[in-house]
1. Once you have a ≥ b ≥ c as the square roots of the Cα gyration tensor eigenvalues for region 184-265, tell me rounded if a/c is under 1.5, and otherwise prolate or oblate according to whether a/b is larger than b/c.
2. Just grab the label-to-label distance for Arg192 and Thr261, each label 7 Å out from Cα along the Cβ direction, in nm (one decimal).
3. Pop out the ³J(HN,Hα) list for region 362-371 in order, Karplus 6.51 cos²θ - 1.76 cosθ + 1.60 with θ = phi - 60°, rounded to Hz; leave Gly and Pro as x.
4. Out of residues 5 or more away from Cys362 or on other chains, whose amide H comes under 5 Å of its own, with H placed 1.01 Å from N in the peptide plane?
5. Evaluate E = 1/(1 + (r/R0)^6) for Lys373 and Leu140, where r is the Cβ-Cβ distance and R0 equals 51 Å; express this FRET efficiency to the nearest 0.05.
6. Do any GluC sites (Glu not before Pro) in region 304-408 lie in a loop, going by DSSP, with at most 10 other beta-carbon atoms within 10 Å of their beta carbon, and if so which?
7. Please check which bits of region 284-321 a label hung off Gln398 would reach, taking the label as a point 7 Å along Cα-to-C-beta and the cut-off as backbone N under 11 Å.
8. Please sort 227-238, 106-117, 280-291 by packing, taking for each peptide the average over its residues of neighbouring beta carbons within 10 angstrom, highest first.
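Coordinate-derived values only; no laboratory data. Please read all numbers here as calculations on a predicted model, not as lab measurements. Positions of Cβ are backbone-derived with ideal geometry, glycine not excepted, and every protein chain shown enters the neighbour counts.
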Amino acid sequence: MAKKPVRVFQKSRGKMVPVDPAKVSSGRLSKQAVPVYRDATDNDRMSITQRVVEHSDVAQARMQEGPTRYDALFHSIYDAVFITDADGVIHEANARSEYCFMLAREDLRGMNVIQLISGADGELLNIIRDNVDNKRFTVLEAYCLRADGNRFFSEIVVNRLKGGAKNALCVLIRDATDRKEAEAELAETNQRLLDAQKTQVRMETVSTLFYAINNPLQILMCMAELDDNKEYKRQVNRIIEVMNELRTATTLEPITDEDGTVRYNLPEHRDLEPCDPSRMLVVDDEKILRNMFVKALSVVFPNMTIDMAANGQEACDLFGKHRHGLIVMDLSMPVMNGEQAFKTMGEICERNSWVLPPFVFCTGFVVSENLQKIIKENPIHTHLAKPLEIAELVKVIQARLNPGQGAK
């Protein structure tokens, strides 16, 4: 199997680029690029991420003022570094520590390092001293305190500093806020994925069950209608409502019973009173068009009472009195438009425990995203673009009326 090419980090562009291995071995690219890795086998993988952080002004100043290579190294370290005595009193602090804790070197000297670690006390120092006496590192994760009162998540490593004062400690503190936030975001994403998978499994299971009992439910519904047994029909409808809620609701709160059984908290069932299937409401601010719609529909549906309104407010008032079984609603109207009227009628149904009737929205304008969402979530509603044919309007109305209420 072919080897992967050497890849190098191109400093000028900040990205990985494939390079001819022969050129790397000859050294001709040494001035422009630095080899990063060469795959030994096809199973090797290496992931490199880059995060560029500018030297702070204090770091640049400290690196220049130090007379020795030790001073330059001490202040060029990215972590905050403290040299303390065995009791944790700070004797030296590098430039990064000044930046991280927002304190000058003179202010840090003489402080105890546990003052910078949230929740730390003398017991922590006892543990650290015991570890270094046994030639062990102490690795901590904690929140550190800045001079302005803010906190940052950090990784802390403590070890004995050899070659200096007796029992001196070296404390390295790295700001790990970005990693902590990334871990939290990853955990949240994983939880959302897990919840989505659980929801998908639930919906697929309920859909399979619904498919299996669909025909028996249909038979029971027909029997209830043939026997004119309203209570029988109501109970069958309750079963169908629960199944639909489980199948379509993407978010349901799980409940764990005392015996450990997990179930879903479904919305409380209410017996809703259907709207009057013998009444229809036509709403349009154009008087001639409104009258033409009513006249044409009266011929096709002679057994229905067809009311009309000139705007959304009039429509809501009429609906509150007669609870029409179907609404033909213009969208662009004065006083109250069609979408506002739909929302208000929905509130009227909610207050009175009525079943929301189907709406046939009509407009010559672009349909809003909100209305598209309404129709998508509940296909009992629909939209027709003006100009429209009466036959088309009749067809969608017939499809939404209760059985037996079609054209005569």
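1. The shape class here is prolate.
2. Placing both labels 7 Å beyond Cα along the Cβ direction yields 3.4 nm.
3. Computed from phi, the couplings for region 362-371 are 10, 6, x, 9, 5, 6, 5, 4, 5, 5 Hz.
4. The list, which skips near neighbours in sequence, is Met329, Asp330, Leu331, Leu384.
5. After rounding, the FRET efficiency stands at 0.50.
6. Taking region 304-408 and a limit of 10 other Cβ atoms within 10 Å, the loop GluC sites (Glu not before Pro) found are Glu389.
7. Hits in region 284-321 for Gln398 at 11 Å: 300-301.
8. Working: 227-238: 12.7, 106-117: 17.0, 280-291: 18.8.
Taking the mean over residues of other Cβ atoms within 10 Å, the ranking is 280-291, 106-117, 227-238.
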